[in-house]
1. Six or more apart or on different chains, Cβ atoms under 7 Å: show the pairs whose first residue is in segment 478-505 and closer than 12 Å to ALA440 by Cβ and whose second is of a type in the set (Phe, Trp, Tyr) and open to solvent by 50 Å² or more (accessible area, probe 1.4 Å).
2. Filter segment 93-132 for residues that are in a strand (DSSP E or B) and either open to solvent by less than 40 Å² (accessible area, probe 1.4 Å) or under 19 Å from VAL79 (Cβ atoms) (or both) and give the result.
3. In segment 245-269, how many are open to solvent by 10 Å² or more (accessible area, probe 1.4 Å) and over 20 Å from PHE192 (Cα atoms)?
4. Among the numbered criteria (1) part of a loop (DSSP other than H, G, I, E, B); (2) modelled with pLDDT of 95 or more; (3) more than 18 Å from VAL141 (Cα to Cα), which single criterion is violated by GLN36?
5. Residue pairs, Cβ under 6 Å, 6 or more apart or interchain, first in segment 187-199 and within 13 Å of GLU257 (Cβ to Cβ), second assigned to a helix (DSSP H, G or I) and open to solvent by less than 50 Å² (accessible area, probe 1.4 Å). List them.
6. Counting just the residues of segment 208-230 that are open to solvent by 70 Å² or more (accessible area, probe 1.4 Å) and free of Cβ contacts under 8 Å to residues at least 60 places away in the same chain, which one comes out farthest from ALA284 (Cα to Cα)?
7. Being free of Cβ contacts under 8 Å to residues at least 60 places away in the same chain and not polar (S, T, N, Q): is that true of TYR91 here?
8. How many residues does segment 512-528 contain that are touching a helix residue (DSSP H, G or I) at 6+ places or on another chain (Cβ under 9 Å) and loosely packed, with under 14 Cβ neighbours inside 10 Å?
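The values are calculated or read from the model by the stated rules, or taken from the named source; none is laboratory data. For clarity, every value in this text was computed on a predicted model and none was experimentally measured. Using ideal geometry, Cβ is built from the backbone for each residue, glycine included, and neighbour counts are taken over all protein chains shown. Heavy atoms of the whole protein, side chains included, go into the accessibility calculation; ligands, DNA and RNA do not. Shrake-Rupley method; radii C 1.70, N 1.55, O 1.52, S 1.80 Å.
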Amino acid sequence: MPNRLANETSPYLLTHAHNPVDWHPWGDEALAVAAQEDKPIFLSIGYSACHWCHVMERESFENPAIAAVLNAHFVPIKVDREERPDLDQIYMNAVQIMTGRGGWPMSVFLTPDGRPFYGGTYWPPAARHGMPGFDQVLAAVAEAWRDRRPQALEQAGDLTDHLRHVAVPPVTPGMPSERQLTGAAAALGRAFDSEHGGFGRAPKFPHPIDLELLLHVWHRTRNDELLKIVTLSLDRMAAGGMYDQLGGGFHRYSVDERWLVPHFEKMLYDNALLARTYVAASLATGRAAYAQIARETCDYVLREMTDPAGGFYSTQDADSEGEEGKFFVWTPAELAEILGDEAARTFSAVYDVTEAGNFEGASILHLAEPIETWAERLGRPASELRTELAASRQKLLSARLRRVPPARDDKVLVSWNGLMIEALATAAVALDEPRYLAAACRAADFLLTTMRQSDGRLLHSWRAGQAKLAAYLDDYAGLAAALAALYQGSFDERYIDAACDLADAMLARFRDAKDGGFFYTADDHPPLIARTHDLYDNA
């Protein structure tokens, strides 16, 4: 018997529609049930490509005993963070304040009017490895609500007050100064990993915005140390397992500092931003390798992440057939079967495919050394080796496409589509690729015709013919920037006119006329924490 999520459009929510947990979607009905039954809310926030979200579902939300406790003592609410980034932002702040860390799945306990009083991320079903069990957490929170409610309400009040102060940070009027830009670049330089590229230690995220900032500051200052940070980071990411060596496109992040083992999900926004960064780096340095990575990333999105209607899908899962990364890894025997023994030996050497493997008995493809180094070692012309490897990659990609693929979250989000449209429009001009411009125009036309209301205001999410949810600030800003880039690539005045319309809407609906800056939600957005509390209205 499906629960209340069966009527949702989000693929993430739909995967939970047959859990024994009596899930509610977020909304007035769920809050009313909590108030009427005087029960705390258990809020679970995640997204379709989240590996640990799938783990917690299998371990806990499909567990009849845990479901019975949730249904008896709580009102369970499930939220897709990609549909409701406004809610995710609030409650992530709360969890980070309570625990000092955050992540997904996010698990938060709320008063019936939506104020958080306890939370965390993933909990195993029973205690293990020093972590409390979800069964223990549920029992403790239910007991606290029953026997120590004043303390729980006091905690909720204190936390809500604290959240109110961090909701709207102070705004400094004016453009960033030269000193601020160089100071930011210097801070990134201090965090730079001079051996492996990137910033900080494991886990490592790609930080494309930071790399673009360094390119901009380098262009102004001609400080070549900044350019070295960018090029080493881009080189190592593209050679590592975080980059899909066969199909193009980047996985979410690397679990190690060497960019070898990725968290295998692929996100549209990461690939849009990284494609743009590699295009910018190709223009700054003249390196053809960066242009090639940008092409392969754009081609991946057009091949695997594009809806027939024109929009771009949100994410590709990390798991297939119940195993993380299974779709992407290889063994020497598989290579030999597809490529033949001689080509397989060469490919295995260059891309580090071994019998022992580097990931759970199989191998993640990566370039431990440049192809030129391998050509010299093998006594072959580099051009000849590159041609052979390209042919092998194409054969392996064709074979991989016959595997059981990871699930896709096929909803279309305006903000992320804006990033991808901008990346394609930029790549189309810089790389002289008319098909990228055609895809960008088609996606923009889809958004402007399908995801706008009659009054011109945007909707945030679309799937299976249904557009819904009032758009957020980043939807308007992202699409406006994309349309401006599209105008520069096409000189079609429809796009710059539409960009101006969206900018006017941002000024009318999102601008903070008192303190400057912009709110994340529009001035008529429903309150996010219930009627007696105005926390985050328009924040």
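1. These pairs meet every condition: TYR495/TYR487.
2. Going residue by residue through segment 93-132, those that are in a strand (DSSP E or B) are 106-110, 116-120, 128, 131.
Of everything in segment 93-132, those that are in a strand (DSSP E or B) and either open to solvent by less than 40 Å² (accessible area, probe 1.4 Å) or under 19 Å from VAL79 (Cβ atoms) (or both) turn out to be MET106, SER107, VAL108, PHE109, LEU110, PRO116, PHE117, TYR118, GLY119, GLY120.
3. 4
4. (1)
5. PHE192/ILE229; GLY197/LEU232; GLY197/SER233; GLY198/SER233; PHE199/ALA191
6. GLU225
7. On the way: free of Cβ contacts under 8 Å to residues at least 60 places away in the same chain: yes; not polar (S, T, N, Q): yes.
Yes.
8. Of the residues in that region, 3 qualify.
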